Amino acid sequence: MKFKTPERVCWNDDASGNTFYVVAMSDTTSKWRANPKLPLEEVVYSEDILCFNKTSSGICQVASPEQLEAAFKTKDSTAIIKSILSAGQVAVKEFELEVDSQTTTAYNAASSAANVASTAATSAIEGVKGYLSSFW
């Protein structure tokens, strides 16, 4: 069975060295480019415009209004998202899994992760209870 990751649509601002991107649903950027009247809610997962700088070791963050104004000459997120969707490069990964053999492995991994999270949450709650009881 083949799967696709969400699309990351990137636009590079050479002047600042920032890369701005939005996260779009699989196979929607090309549909939006063919029909820009499609509602953005049907294309992107959120209205967040993310940003990272080449010197930031790939750490991304939500772009600040100042960064958006400097790069796009506007703070209007809708206009910026449309601009990125129009001119940005689309990155998507496709991968294939053998569902029968992978299902058990994925289930076991998810189950283990849930157990670790549950144990960590229980420990944190006990720590908070101990901290609060020291005041009473």
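So the values come out like this:
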item: Hits in the range 78-94 (condition: modelled with pLDDT under 95 and open to solvent by less than 50 Å² (accessible area, probe 1.4 Å)); result: Gly88, Ala91
item: Pair list, Cβ < 7 Å and 6+ apart or interchain, from the range 62-74 residues that are surrounded by 10 or more Cβ atoms within 10 Å (Cβ to Cβ) to residues that are among the hydrophobic types (A, V, I, L, M, F, W, C) and part of a helix (DSSP H, G or I); result: Leu68/Ile80; Phe72/Ile80; Thr74/Ile80
item: Residue check for Thr5: among the polar types (S, T, N, Q) and at pLDDT 90 or above; result: no
item: For Thr55: the one exception among (1) closer than 17 Å to Trp11 by Cβ; (2) in contact (Cβ under 8 Å) with a residue 12 or more places away in the chain; (3) not small (Gly, Ala, Ser); result: (1)
item: Count of the range 26-44 residues which are exposed (fewer than 13 other Cβ atoms within 10 Å of the Cβ) and of a type outside the set (Gly, Ala, Ser); result: 7
item: Pair list, Cβ under 7 Å, 6 or more apart: the range 1-19 residue under 21 Å from Leu40 (Cα atoms), other residue open to solvent by 90 Å² or more (accessible area, probe 1.4 Å) and at pLDDT 90 or above; result: Pro6/Tyr45; Cys10/Gln89
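The values are calculated or read from the model by the stated rules, or taken from the named source; none is laboratory data. Bear in mind that the values here come from a model prediction, so they are computed numbers and not experimental data. Counting neighbours? That spans all protein chains shown, and the Cβs are built from the backbone with ideal geometry, glycine included. Each accessible area value is taken on the protein alone, full model and side chains, heavy atoms only, with ligands, DNA and RNA left out. Shrake-Rupley method; radii C 1.70, N 1.55, O 1.52, S 1.80 Å.
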